[in-house]
Amino acid sequence: MSYYDKYPLIKSAWIYIAIDVRHMNICKVGITQQVEARYRVKGANTANPFYTLFNSYDMAGIGISKRELLDFEDYLHRKMALRIPMIGTDGYSEWLIMSPFNAAEEIEYRIGRGFSEPGFMNEDGDILYENIRKYRHEHRPNPHLIAEKVNGMADEYVEYLLRWHEMNTPGWMPWTYKK
């Protein structure tokens, strides 16, 4: 029996990675209990118009209590990378000096090691990432829309989106992105 067994499971729980499309060397790792992580990010993007969701992980699907979700977020912030301090306070933000790609790898590693979901590890103790990725949702907008909206301020992200859609979207018709 684990410490968290005494807490009820919650119906909606997400760990998410959000980015500022102008800076692919930092990302935010946060949690929400909203029905979908995109609603949490959508509500926060009025403060930063370049803020968008990158990945989200359905922790309710794995089975998690509110207490465990909060503890897991705290654990991720302590273990993953250098946290960016909040200006004008002694505290730290949820923003990390880490690419969102590395953050995704770290989160999946920590899920594999931290949760006893059957199928996350084989009998040799190796993490089965393909099973963890069943709970991952990738949020990759149409690169044309990003390019139109940010007018050259996020070229690295637009180029990444083009490559991602070419590799992952059946029938994707690449278009030429001109800087």
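The values are calculated or read from the model by the stated rules, or taken from the named source; none is laboratory data. Remember, it's a predicted structure, so these values are computed and weren't measured experimentally. Glycine also receives a Cβ, built like all others from the backbone with ideal geometry; neighbour counts cover every protein chain displayed.
Considering only the range 132-155, I want to know if a residue exists there that is aliphatic (A, V, I, L, M) and at pLDDT 90 or above. Yes, the range 132-155 has at least one match. Of the helices (runs of 4 or more DSSP H) that lie entirely inside the range 84-168, those containing 3 or more residues that are assigned by TED's automatic domain parsing to the domain that holds ASP58 and out of contact with any Leu (no Cβ under 6 Å at 6 or more places or on another chain) span 100-114, 129-132.
Residues checked against (1) at pLDDT 90 or above; (2) over 21 Å from SER99 (Cα atoms); (3) surrounded by fewer than 21 Cβ atoms within 10 Å (Cβ to Cβ):
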position: SER2; (1), (2), (3): no, yes, yes
position: PRO8; (1), (2), (3): yes, yes, yes
position: TRP14; (1), (2), (3): yes, no, no
position: ILE26; (1), (2), (3): yes, no, yes
position: VAL35; (1), (2), (3): no, yes, yes
position: ARG38; (1), (2), (3): no, no, yes
position: LYS42; (1), (2), (3): no, no, yes
position: ASN48; (1), (2), (3): no, no, yes
position: PHE54; (1), (2), (3): yes, no, no
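Looking at the structure I just gave you, is MET153 exposed (fewer than 11 other Cβ atoms within 10 Å of the Cβ) and under 20 Å from LEU53 (Cβ atoms)? For MET153, the condition - exposed (fewer than 11 other Cβ atoms within 10 Å of the Cβ) and under 20 Å from LEU53 (Cβ atoms) - is not met.
Say whether the condition of being polar (S, T, N, Q) and more than 21 Å from LEU76 (Cβ to Cβ) is met by at least one residue in the range 123-138.
Residues of the range 123-138 polar (S, T, N, Q): 131.
Those left that are additionally more than 21 Å from LEU76 (Cβ to Cβ): none.
The answer is no, given that none of the residues of the range 123-138 is polar (S, T, N, Q) and more than 21 Å from LEU76 (Cβ to Cβ).
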